[in-house]
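Reading through the structure tokens given below for one structure.
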Amino acid sequence: MSSPRVLEIGARVPVARRRDAPQRRTEWRERPVTAPTDAEQGPNVARMYDYYLGGCHNFAADRAAAEQILRIFPDTGIAAQANRHFLRRAVRHAAELGVRQFLDIGAGLPTQGNVHEIVRQVAPDSTVVYVDYDDVAVTHARRLLPADGRTTVVHGDLRRPGELLAHPDVRAAIDFDRPVAVLLVAVLHFVTDAEQPWASVARLRDATVPGSPLVVSHLTTDGAPPLPTQQGRAVYQRSSAPLVPRPHADVLRFFDGYDLVDPGLVRVAEWRPDGEPRERISHGYAGMGLRR
């Protein structure tokens, strides 16, 4: 694995207008001024997601692939925002239930409304551990997130839950004898069936105590036309991870051993809307369960 490289931020260059942005003027954002390494030449799913959200931590290959997806599914940017709003609602709800430890796996690149920012509005003493296997995401998170003793960034892989749970930084930050919220938001659909995602989630479940929340959002193709779906998956086949949308029944299996919080496993925008902007476009399912 190549060593992490810090992106140099500072050049101001025009970027393509988001398809869901109301303005017509050119937007100017901070852009990396260094060339990507060999490992970063191809599209990366975390950086593509950053682009959908209007972020600046992405390269030309990421933007090109993301624009292909936006041509196939023009409302992807809106769906990405809906997913972020779900994360905020779920984290707030877990904090209101009394949970003070959060393990965000597949956290991706830091953006607005990070978990520690959300949860500390409810419980300032909360601990948050961000986990990702992408070197660039981890490097940026370590640079940008606060060094406050309650926010930790770990290089880890959902597909290797034993190693993740045994990581010394995870063990130092999380007390698994108390409830911990496991956040798997927009990450499981990048794990193939052959990589046994249900077994990985079960391993994480077994490491937590009863009452610990599991928060999941997951892409689906339920109700989507087959041709655009095939075209979209083909784009991701050329990226850092294949896209594996799943039907409702398969997503529900991740909650084995959990009691679903009302309203259950529903479309992302329909999960406990609480006054935030309510996008009607949802490309997936979302839910929270409490470990039995």
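Summary of computed values
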{"quantity": "Among 162-174, 114-126, the order from most to least packed when residues are scored by Cβ within 10 Å on average", "calculated": "114-126, 162-174"}
{"quantity": "Contact order normalised by residue count of the range 65-161, Cα under 8 Å, 6+ apart, percent", "calculated": "25 percent"}
{"quantity": "Rel. contact order, % - alpha carbon contacts under 8 angstrom, at least six apart, the range 81-291", "calculated": "21 percent"}
{"quantity": "Per-residue HN-Hα couplings for the range 125-135 [Karplus 6.51, -1.76, 1.60; θ = phi - 60°; Hz; x = Gly/Pro]", "calculated": "8, 6, 10, 10, 10, 9, 10, 8, 9, 7, 4"}
{"quantity": "Interchain or long-range residues, amide H under 5 Å from Val154's placed H", "calculated": "Tyr130, Val131, Asp132"}
{"quantity": "FRET efficiency, Asp193 to Asp148 (Cβ-Cβ, R0 45 Å, nearest 0.05)", "calculated": "0.70"}
{"quantity": "Euclidean distance between Cα centres, the range 103-174 to the range 49-82, Å", "calculated": "23 Å"}
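We did not get these values from a lab; they are worked out from the coordinates using the rules stated. Owing to the predicted nature of the structure, the values given are computational and were not obtained by experimental measurement. As a convention, Cβ positions derive from the backbone with ideal geometry for all residues, glycine included, and neighbour counts pool all protein chains shown.
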